[in-house]
Amino acid sequence: MIALLQVALLHLENRFQLTKQQRNIIMMNIPIAAVAALCSASFIDRSDAFQLPLSTRALLRHDRATALHSSIAADAPPSSLSSSTTATVDTLDTSSEDSSEFNWFKAWYPIVPVEFLDYEKPHAFKLLGMDVVIWNDGELSESPAFQPRKEREKGAKKLVGNWRVFVDQCPHRKVPLSEGRVEDDGSLTCSYHAWRFNGEGETIHIPQISENELETIKSNPKSNCNSFPVQIVDGVLWTWPDSSDDAKIESALTPIPTNDYNGREVAEDRVWKGVWNFRELPYGHDFFIENVVDPAHVPVSHHNVVGSRYGELGLNMTTKTSLTKHGFSIGVKNNAEEGSGSTTSFTAPSQVLIEAPFGDDGAAQYLELYSSPSRPGFSNHVGRMVILKDKSLEMPKLLQQFTLPLPKWANHILASAFLHQDALFLHGQERSLAHNREYRTSQPANDSYIKAVMPCSTDKGVINFRNWMGRFAGGHIPFRGDTTMPAKNNDVVFDVWNSHTKHCSYCLAALKRLKMARTLAFLTSALIATIRPKFLSAVGSVISSLGFAGAGFGLSKLIGMFYKYEFSHADNH
């Protein structure tokens, strides 16, 4: 077996020009059988389905130096653009480039920051139309066993183990494992017949059958859960939605996009990192990316939050990195502002990084925005703000307002005031295009989106992304299961409970405390009004009673934001 491993690794080094670090990754993480499988002819034939773990931002910087410039007309089919279209984007001539199609099921996707998950429970999410369950296989700190929680030793706590992602189906009868339980021994129990699985997805116990039958069932690959590779990067859970034998090695050789500050080495004391936000947005992954690479919408859609729809809106847009299979980047400068402007970079398939320098001493603001396709008409969004202080460790005054100490749950709930502003448009846009049969994300049609809309010069980022979809990603997202586009429903747009709250342990804990405080406020108001304490005058009793009642109603308003947040542009003057 050792000889087999050495031969396999030698083949890998020659075939993929592996670095020593990549070779060590394989040694530490990949079973011998998987490495040997990589050498099979069938796998080698698909070797271009993934890339080596070079920095994806570094790949974009390399593309910037080698890209050829042309207009959008050279990139899109002649019939896809009106003769009056003035929008141009810089694209890459791929005649000498590997233009193999992007495989949506062989890529890393962000799902959720694990800090906000309850690691003692399984959590249901969706990815590419598949139901998945996220759970943690940590054991109890004292005497871990399969047992009722009431029998835990005093002081014993659940340890944080490894985060796991399975297809949300028990192999027995296909019921959802997300309705199961995480046990004290670090196993996942299906709540239908108590089949139990370890972190690798292997069946370890079936209470109704003999040991002999159990061993027979365990020998059948169908008894295993479909387990996906997982990485936690900067606190965010990423998963690779493939459970095949090749998935571990393909995922290990594929980089996860991060903010590398354009390749600069930055000391930790210069970096302020905001709170991660996450939720399932009521519009698709491609519409999310389209939206965040479109700077022209920001002061209009987010009027009174970021900018004003009545201000100077003229933009000058340039190409920083031409379109390749790795992504692109554009420069954006408001005509009314001084300075170099901002840079918006798309790293396929999930990251958009917006960098805005402040001053000449190295300070900058970054928006780290990530998305993954959850199901038709919806996407999983993870994002935060990062601020880079200047070289003297000073925070720009304009950015200090973003660093105010807010509870994490408050940060999450208040995000609705921003996210729901353009969610109204994107939710309606996607459903209108689909139901009018002009463009549907799940249907292959490389240029139908461009035919349906009327782009202009400030849509440079949008058209670049749509060209990436058409050229490299098959022109659509191949969701599993039902690909029907749901109907337009603003109640879905405004829904906070299902899109965020029910998944967030911080928000659930805050909601519980706020409900208790509201109950206490109303009880206190009623008691004061009824008893009228002697130390309060009649007027004082009335004022105090009304004050506590007002606090209760105020808390009710705040509690409501955990469930629903409505917004109207007509009322946003």
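The values are calculated or read from the model by the stated rules, or taken from the named source; none is laboratory data. Please read these numbers as outputs of a predicted model, since none were measured by experiment. Quick reminder, even Gly has a Cβ in these numbers, built from the backbone with ideal geometry, and neighbours come from all protein chains shown. Note: areas computed on protein heavy atoms with side chains; ligands, DNA, RNA excluded. Shrake-Rupley method; radii C 1.70, N 1.55, O 1.52, S 1.80 Å.
Brief remarks on what is shown
- Cα-projected label distance for S143 with K502, points at 7 Å along beta-carbon direction, nm: 3.6
- Segment 382-434, Rg to Rh (Cα coordinates; Rh as Kirkwood inverse mean 1/r): 1.17
- Relative contact order of segment 211-337, taken over Cα pairs closer than 8 Å and 6 or more residues apart, is 10 percent.
- Full extension of the chain segment joining E200 with E265 gains 19.7 nm, where the gain is 0.36 nm per residue of separation less the Cα-Cα distance.
- Amide H to amide H distances under 5 Å link G474 with F102, where only residues 5 or more positions off or on other chains count and H is placed in the peptide plane.
- For the pair Y310 and K512, label points projected 7 Å from Cα toward Cβ lie 4.7 nm apart.
- Counting only protein heavy atoms and using a 1.4 Å probe, the accessible area of E200 comes to about 90 Å².
- Theoretical gain in end-to-end length, I531 to N212 [0.36 nm per residue, Cα-Cα removed]: 107.7 nm
- Within segment 344-427, the proportion of Cα pairs with more than 23 Å between them is 35 percent.
- Simple rule: put +1 on each Lys or Arg Cβ and -1 on each Asp or Glu Cβ in segment 418-573, find the dipole, and look at S499, N467, I559; the Cα lying farthest toward the positive end is I559.
- Note, ³J(HN,Hα) from phi for segment 186-192, Karplus 6.51, -1.76, 1.60, rounded to Hz, x at Gly and Pro: x, 9, 10, 9, 7, 7, 8
- Dipole of segment 172-267, positive end: most advanced residue of H205, A267, V233 [Cβ charges, Cα centre]: H205
- By accessible area with a 1.4 Å probe, ligands and nucleic acids excluded, highest first: order of T189, T318, T483: T318, T483, T189
- Anchor K248: aspartates and glutamates whose Cα lies under 20 Å away (excluding residues fewer than 8 positions away in-chain): E13, D45, D48, D137, D168, E200, E202
- Accessible area per residue (1.4 Å probe, heavy atoms of protein chains only) ranks T501, T343, T530 as T530, T343, T501, with the largest value leading.
- Placed amide H near S143: partners under 5 Å, 5+ positions off or other chain: none
- Under the combined filter of DSSP loop state and at most 16 neighbouring Cβ atoms within 10 Å, segment 302-355 retains these chymotrypsin sites (Phe, Trp or Tyr not before Pro): Y310.
- Using the alpha-carbon positions of segment 350-496, Rg (one decimal) and Dmax (whole number) come out as 18.7, 56 Å.
- Modelled spin-label separation between I543 and S219, with each label point placed 7 Å from Cα along the Cα-to-Cβ direction: 8.4 nm.
- Its Cα gyration tensor gives segment 266-324 an equivalent ellipsoid; the semi-axes, largest first and in whole Å, are 23, 19, 18.
- Restricting the trypsin sites (Lys or Arg not before Pro) of segment 95-163 to loop positions (DSSP other than H, G, I, E, B) with no more than 16 neighbouring Cβ atoms within 10 Å leaves K154, K157.
- Pairs from K488/K512; K106/K158; K154/K218; K325/K460; K325/K488 whose Cα-Cα separation, in the structure shown, is over 27 Å: K488/K512; K106/K158; K154/K218; K325/K488
- Per residue, the average separation of C-alpha pairs within less than 8 Å and at least 6 apart gives segment 336-461 a relative contact order of 13 percent.
- Three-way shape call for segment 108-237 based on the alpha-carbon gyration tensor, with the a/c threshold at 1.5: oblate
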